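The values are calculated or read from the model by the stated rules, or taken from the named source; none is laboratory data. None of these values were measured; they are calculated from a predicted model. All Cβ positions, even for glycine, are placed from backbone atoms using ideal geometry, and neighbour counts span all protein chains on display.
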């Protein structure tokens, strides 16, 4: 090893030892000091503020921080409802499986997501694809799109018309895609 490498190692070791020795001193100094809100007024006053920032008197509650999300599909109503912390945040019309190709009932989850998936079986695009079966065979997606750009099934929203997938309209599909993470529960009932 050359001299420069040894010097770097020595400096690193010296820095680490200094940090280990001084950490308890700094911690004790901080613990013994009683801070008051006025200690921080100077800091708050020098922070750059924008019109978009809103200062609050308290931190959000734990329930506001933890977001438990779920997607519910009601086959009888042909509607999707999105819930966050048990509060419905969005409802949208869907088109689910037609007779003979029914959408399965049960509890599932989002297994994978692709902004634009290709269906080999139907030879068309499925924008905002989110698989809810582990096999990836069925998913939630925007109205299918033919290679020429034509969207299929807008008039069928609210009625069973798919091959088992859950179709959403333009705009709604992107919202759900952006909102739901992999692992988000999907509950399908009749």
| remark: Subset of region 106-128, residues under 24 Å from the mean Cα position of the chain (by Cα) and in contact (Cβ under 8 Å) with a residue 40 or more places away in the chain, comes to 106, 107, 108, 109, 110, 111, 112, 113, 115, 127, 128
| said: Please verify whether residue 160 is loosely packed, with under 15 Cβ neighbours inside 10 Å and on the phi < 0 side of the Ramachandran plot, treating the condition exactly as stated. | reply: no
| Residues in region 71-85: is at least one exposed (fewer than 12 other Cβ atoms within 10 Å of the Cβ) and in contact (Cβ under 8 Å) with a residue 40 or more places away in the chain? | yes
| Only one of 95, 123 is modelled with pLDDT under 95 and in the same structural domain as residue 166 (by TED's automatic domain parsing); which? | 123
| Out of (1) closer than 26 Å to residue 76 by Cβ; (2) surrounded by fewer than 13 Cβ atoms within 10 Å (Cβ to Cβ), what's the single condition that is false for residue 130? | (2)
| Give me the pairs: first residue in region 147-164 and without any contact (Cβ under 8 Å) to a residue 60 or more places away in the chain, second residue in a loop (DSSP other than H, G, I, E, B) and surrounded by 17 or more Cβ atoms within 10 Å (Cβ to Cβ), beta-carbon distance under 7 Å, and six or more apart or on different chains, which are they? | 151/143; 152/143; 152/144; 153/143; 153/144; 153/161; 154/143; 154/169
